[in-house]
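A.B. asks: Mind looking over this structure? Questions follow.
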Amino acid sequence: MPGFSLLRIIQVGFKSLRLHKLRSGLTMLGMIIGVWAVITLVAIGEGASRDAQEQIKALGAQNVIIRSIKPISDKVQLQGEMQWEAIYGLKNSDAVRIQETIPGVKRVLPILRHRKNVMHGRRAKDCQLIGTFPHYPDFTKANLVAGEFLNEIEESRKENTCVLTMSLAGFLFPGKNPLGQEVIVRGRESQQVFKVKGILQERADAEKLPQASDPAGHTILANVYIPLSTFKALYGIKDIDLSVGSVAVNIVELSEIRVEFGSVEEVIPALPLIREALDKPRRRAGASEGVDTDYEIQVPINELNALKAQKARDTRMLLYIACISLLVGGIGIMNIMLATVTERTREIGVRRALGATRADITVQFLVETLMLSLIGGGIGVVGGWGFAAFRHHILNTTTIVTDWSVIVAFGLSVMIGLFFGLYPARRAAHLDPIEALRHA
């Protein structure tokens, strides 16, 4: 029966593999490494891409972020000996104009940042003092882990309340509940006392950018949030920098403006309108001297789309590299099967003499090749999946095994094995029976 014949062929194939365990293992090694590489490389690429996409999504796909930057040809005024003053950046009128004139705008979030020092008891740390509106967490998707965020009443009354980031709260209040406690925010000319009312955990590092830097150039990751009205009343819009060897005063009304649209589809068409709304008053103010760009626009949806396109290119490159390993494994199978044909020439002659057809001999050797590919591919799948799980759960690095990578890797190992096994099988089938019987 055909079923019995196929079963017999499989049994003979297993017997042949067991007789040469080391050779069979080395032959499968190429397939194991190739499949392992495909699954692992794709999993690492998917994990890195997921992390980056989550950081960008945390900024909001429906948002446009506008930040003040110091122009390259910054116009500074000498105010006195060793004191310089620069006026640039976004203004309150820019935020109002965008809110009132750009179609599709849902709401606008103005932000003002200065570098300060925050202290509680004997503990002190450099920080970013951020003046903003109560809906800041909604814009940034930040997680309020304790207490409350700023509210409209505090904004209107210019109250001295604040919200701390988790890391800063843990540093200033080790083992204590910071809610209801007071912190002192110190600047060059004054210090103010703020009451802590909430603890905020931001979702992504990208949310904290751009960061102020300390005199040594290190990034400041601690944030203190206060009402924007309180910020302007207590500190004004002058940011004094002593790290340049002289007194540099930067006058910036708003460090950042975030614009939220009703839908993602409204973001891209609105970009030219936003640029026009920002450039028009600047052209009027500097008509005779030219206009310097003192802002930059970041569009998370553009970055997300670019990242997805880059991820697709990277995935293809990883697949190409891993497929080379599979190709090498296929060549190894072909070499070993050709050696097997030479070793079993007399056996092939006996089978032909007993009535086996060329098709029977071809199937016999293809089945042995298929078994090598299946076993090697299966071990590669288990190894790749296991390494990805180890990296994800033990090393705490995002690693995502996709179904398609497993299917593609295993399927390629089988197809490549059969393709490279076809030539040895046909060569065995076309041996002359009489010459094969004479083979010593």
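The values are calculated or read from the model by the stated rules, or taken from the named source; none is laboratory data. From a predicted model like this one, the values you see are computed outputs, not experimental measurements. Ideal geometry is used to build each Cβ from the backbone, glycine not excepted, and the neighbour counts take in all protein chains shown. Just the protein is used for accessible areas: all its heavy atoms, side chains included, with ligands, DNA and RNA removed. Shrake-Rupley method; radii C 1.70, N 1.55, O 1.52, S 1.80 Å.
A.B. asks: Highest first, please rank the peptides 40-49, 167-176 by the mean number of other Cβ atoms sitting within 10 Å of their residues.
C.D. replies: 40-49, 167-176
A.B. asks: Still on this structure, please answer the following. Return one whole number: the accessible area per residue of the stretch 112-155 in Å², for a 1.4 Å probe.
C.D. replies: Result: 44 Å² of accessible area for each residue.
A.B. asks: Could you calculate the contour length gain from Arg188 to Met317, that is, 0.36 nm times the residue separation minus the distance between their Cα atoms, to one decimal place in nm?
C.D. replies: Length gained between Arg188 and Met317: 41.1 nm.
A.B. asks: Expected output is a single nm value to one decimal: the length gained when fully extending between Ala339 and Ala389, i.e. 0.36 nm times separation in residues minus the C-alpha distance. What is it?
C.D. replies: Working it through step by step, the gained length comes to 14.2 nm.
A.B. asks: Same structure, new question: To the nearest 20 debye, what charge dipole does the stretch 104-150 have about its Cα centre, counting +1 at the Cβ of each Lys and Arg and -1 at the Cβ of each Asp and Glu?
C.D. replies: Dipole size: approximately 220 debye.
A.B. asks: Moving on. Could you check how much of the accessible area of the stretch 327-440 is carbon and sulfur, as a whole percent, using a 1.4 Å probe?
C.D. replies: The computed percentage sits at 69.
A.B. asks: So how do 131-140, 355-364, 369-378 stack up, highest first, on mean other-Cβ count within 10 Å?
C.D. replies: Most protected by this proxy first, the peptides run 369-378, 131-140, 355-364.
A.B. asks: If packing is taken as the average number of other Cβ atoms within 10 Å across a peptide's residues, how do 341-351, 26-36 rank, most packed first?
C.D. replies: 26-36, 341-351
A.B. asks: Assigning unit charges at the beta carbon (Lys, Arg +1; Asp, Glu -1) and nothing else, what dipole magnitude in debye, to the nearest 20, does the stretch 320-403 show about its Cα centre?
C.D. replies: 200 debye
A.B. asks: Continuing with the same structure: What is the gain in length, in nm to one decimal, between Gln11 and Asp138 on full extension, counting 0.36 nm per residue of separation less the C-alpha to C-alpha distance?
C.D. replies: Extra length available between Gln11 and Asp138 comes to 39.1 nm.
A.B. asks: What residues have an amide H closer than 5 Å to that of Thr161, excluding those fewer than 5 places away on the same chain, when H is modeled at 1.01 Å from N in the peptide plane?
C.D. replies: Amide H neighbours of Thr161, under 5 Å, 5+ apart: Lys195.
A.B. asks: Arrange the residues Tyr88, Tyr320 by how much accessible surface each exposes, largest first, with a 1.4 angstrom probe.
C.D. replies: Result of the area sort, largest leading: Tyr320, Tyr88.
A.B. asks: Hey, which lysines would be in cross-link range of Lys232, C-alpha to C-alpha under 30 Å, not counting anything within fewer than 8 residues on its own chain?
C.D. replies: Partners found: Lys70, Lys75, Lys91, Lys106, Lys116, Lys125, Lys141, Lys158, Lys195, Lys197, Lys208, Lys280.
A.B. asks: Determine the per residue accessible area of the stretch 318-440 with all protein chains present and a 1.4 angstrom probe, expressed in square angstrom.
C.D. replies: Heavy-atom accessible area per residue stands at 52 Å².
A.B. asks: Need one number: nm distance between label points at Lys21 and Arg438, each 7 Å from Cα along Cα→Cβ, rounded to one decimal.
C.D. replies: Here the modelled spin labels are 3.9 nm apart.
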